[in-house]
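These notes concern the structure reproduced below.
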Amino acid sequence: MCQPTTLTDGRAATWCYANKPFKVGARTADIDLYFLGSEPTAPLIEIQIHVRGCNEDELTGWLRTNFGGQIDQRPKRGYWQNPHMWIGALLPSDPGLCVVHMLPLSEQAEIARIKAQ
């Protein structure tokens with residue numbers, strides 16, 4: 001399911017939710033997708049992974065295995081980056097829930113906003 005939304009910086013976007021869950025380690029994760037605009041060719045600007053019953057060590061291990069070493073770690077946060085994307089993991093963002101933000105490097109304003117949370 002998808003619906004129009006407005007990003008925090010005022011840009012029009014499309015939020016797609018209720019996508020098929022997948023496993024992150026032994027945990028179930030829900031996926032939200034954000035596209036810039038509402039056209040069928042709108043670029044994907046964020047993948048959000050919501051890990052239920054999150055185990056921080058399990059999640060960071062999964063991220064390291066799939067995306068390499070962290071570029072920074074802070075209390076309750078981990079950051080990864082490769083030549084194509086930046087990843088910020090909030091560990092946990094709410095009790096029993098970790099949220100992972102995956103954004104293209106072109107989304108510097110959103111990356112800064114997530115880091116400031």
| query | Using Cα atoms only, what is the angle between the long axis of helix 56-67 and the major principal axis of the chain, expressed in degrees (0 to 90) to the nearest 10? | reply | 60
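Give the Rg/Rh ratio for the chain, taking Rg as the radius of gyration of the Cα atoms and Rh as the Kirkwood radius, to two decimals. Write down the numbers at each step before the final one.
Numbers: Rg = 14.0 Å, Rh = 14.6 Å.
That ratio is 0.95, to two decimals.
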| remark: For Phe22, Phe35, ascending order of other Cβ atoms within 10 Å (fewest first) is Phe22, Phe35
| Quick one: if you stick a label point 7 Å off each Cα along the C-beta vector at Ala112 and Gln73, how many nm between them? | 2.8
| query | Using a cut-off of 23 Å between alpha-carbon atoms, which lysines can reach Lys76, once sequence neighbours fewer than 8 places away in the same chain are excluded? | reply | Lys23, Lys115
| query | Amide H of Glu46: which non-local residues (sequence gap of 5 or more, or other chain) have their own amide H closer than 5 Å, using H built in the peptide plane? | reply | Tyr34
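As a test of the formula, what do you get for the chain when each DSSP H run with n ≥ 4 contributes -39,500 (n - 2.57) and the sum is divided by the residue count, at 222 nm and rounded to the nearest 500 deg cm²/dmol?
Numbers: 2 runs with 21 residues, N = 117.
Estimated from H runs of four or more residues: -5500 deg cm²/dmol.
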| DSSP loop GluC sites (Glu not before Pro) in region 25-117 with at most 12 other Cβ atoms within 10 Å of their Cβ, which ones? | none
| task | Return the long-range amide H neighbours of Asn19 (sequence gap of 5 or more, or a different chain), with a cut-off of under 5 Å between placed amide H atoms. | result | Ile31
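If I stretch the segment between Ala42 and Asn66 completely, what's the gain in nm (0.36 nm per residue apart, minus their alpha carbon distance), one decimal?
Additional length available on full extension: 6.0 nm.
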| request: Would you mind ranking His101, His84 so that the residue whose beta carbon has the fewest other beta carbons within 10 Å leads the list? | output: His84, His101
| Using Cα-only point scatterers and the Debye equation, what is log10 of I(q)/I(0) for region 35-100 at each q in 0.28 Å⁻¹, rounded to two decimals? | -1.21
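Here, each number is a calculation from the coordinates, and none is a lab measurement. These numbers come from a predicted model, not from an experiment. Using ideal geometry, Cβ is built from the backbone for each residue, glycine included, and neighbour counts are taken over all protein chains shown.
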